[in-house]
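The values are calculated or read from the model by the stated rules, or taken from the named source; none is laboratory data. Treat the numbers as computed from the prediction; the structure is a model and nothing was measured. Cβ atoms come from the backbone with ideal geometry, glycine included; neighbour counts cover every protein chain shown. Ligands, DNA and RNA are stripped out before the accessible areas are found, and what is left, the full protein with its side chains, is counted by its heavy atoms. Shrake-Rupley method; radii C 1.70, N 1.55, O 1.52, S 1.80 Å.
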Amino acid sequence: QVSELVQFLLVKDQKKIPIKRADMLKNIIREYKDAYSEIVNKAGRTLQEVWGARQRKGGGFWGETPRGLTLVLPQVFGLQLVEIDTKRHIYILINNLPRAEGQYLCRDKEKEKMGLLLVILSFIFMKGNSVKDSALWEFLHLLRVYPGKQHSVFGDVRKLVTEEFVRQKYLETTPIPLTDPPEFKYQWGPRAEKETSKKDVLNFVARIQGKDPTFWASQYSEAKATP
């Protein structure tokens, strides 16, 4: 059951789909539900020890394990099973190895999407950790990324941001009360909180702007105080 669960988790991770305990019970653990905790814990250790050992031996594409937004290649990189919703028992897999500050790694076909995500996360952080959807789209317009048009790299940008990134738990949306038409605000999701840091994002913005991170006093103070 442990090996089957490991494969199940790796398949789910390919699309960054959050994993529900109910699905693990239904599809893998089945009649062994009394041993659920033991099976999940062993699977978690397997992901860390087996896959992680390969990374430590062989290194990443740059010879080191990057730190930042990470779409992992599970047969190469160490993983950690993390419960992000203790009430509904929802899990995600995250990179569990040391990461080099300010970098991110992903499959080639996903690299451009993750670049856009990093820009969005940076915008949200620099604007006080929450932005209206209208403000986000105005910002993306400045980058010539339009929600109503098919992008040659990102495809349907509105769907990518409002559905895919949200489903993958990189972003969270919250309705703004008493707005007509309805408006939403965007914040970092739990996967973003686990896979990158505000310090990394601020350093990214600083490099783009050609300034020292201390230029943004409020964000610098927050980044220093956040693990």
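For ARG158, ARG21, the ranking by accessible surface with the largest value first comes to ARG158, ARG21, using a 1.4 Å probe.
Considering only the other residues whose Cβ falls under 12 Å of the Cβ of PHE139, what net charge follows from Lys and Arg at +1 and Asp and Glu at -1? That works out to +1.
Each residue of region 11-27 is assigned a 3J(HN,Hα), and the resulting list reads 5, 4, 5, 4, 10, 6, 7, x, 10, 8, 4, 4, 5, 5, 5, 6, 8 Hz, derived from the Karplus form 6.51 cos²θ - 1.76 cosθ + 1.60 (θ = phi - 60°), x at Gly and Pro. Calculate the spin-label point distance for GLU163 paired with GLN7, positioning each point 7 Å from the Cα along the beta-carbon direction, and give it in nanometres. That separation, rounded to one decimal, is 3.0 nm.
As an exercise, use a Förster radius of 35 Å and the Cβ-Cβ distance of ASN27 and GLU112 to find the FRET efficiency, rounded to the nearest 0.05.
0.60
Here the gap between THR86 and ALA217, fully extended at 0.36 nm per residue and compared with their Cα-Cα distance, gives a gain of 43.7 nm. To put it simply, the accessible area of region 109-225 at a 1.4 Å probe is 52 percent carbon and sulfur. Modelled label positions at VAL153 and LYS15, each set 7 Å beyond Cα in the direction of Cβ, lie 2.4 nm from each other. Which whole-Hz couplings ³J(HN,Hα) result when phi for each residue of region 130-143 is put into the Karplus expression 6.51 cos²θ - 1.76 cosθ + 1.60, θ = phi - 60°, listed in order with x for Gly and Pro? In residue order, the calculated couplings are 7, 9, 5, 4, 5, 5, 5, 5, 4, 5, 5, 4, 5, 8 Hz.
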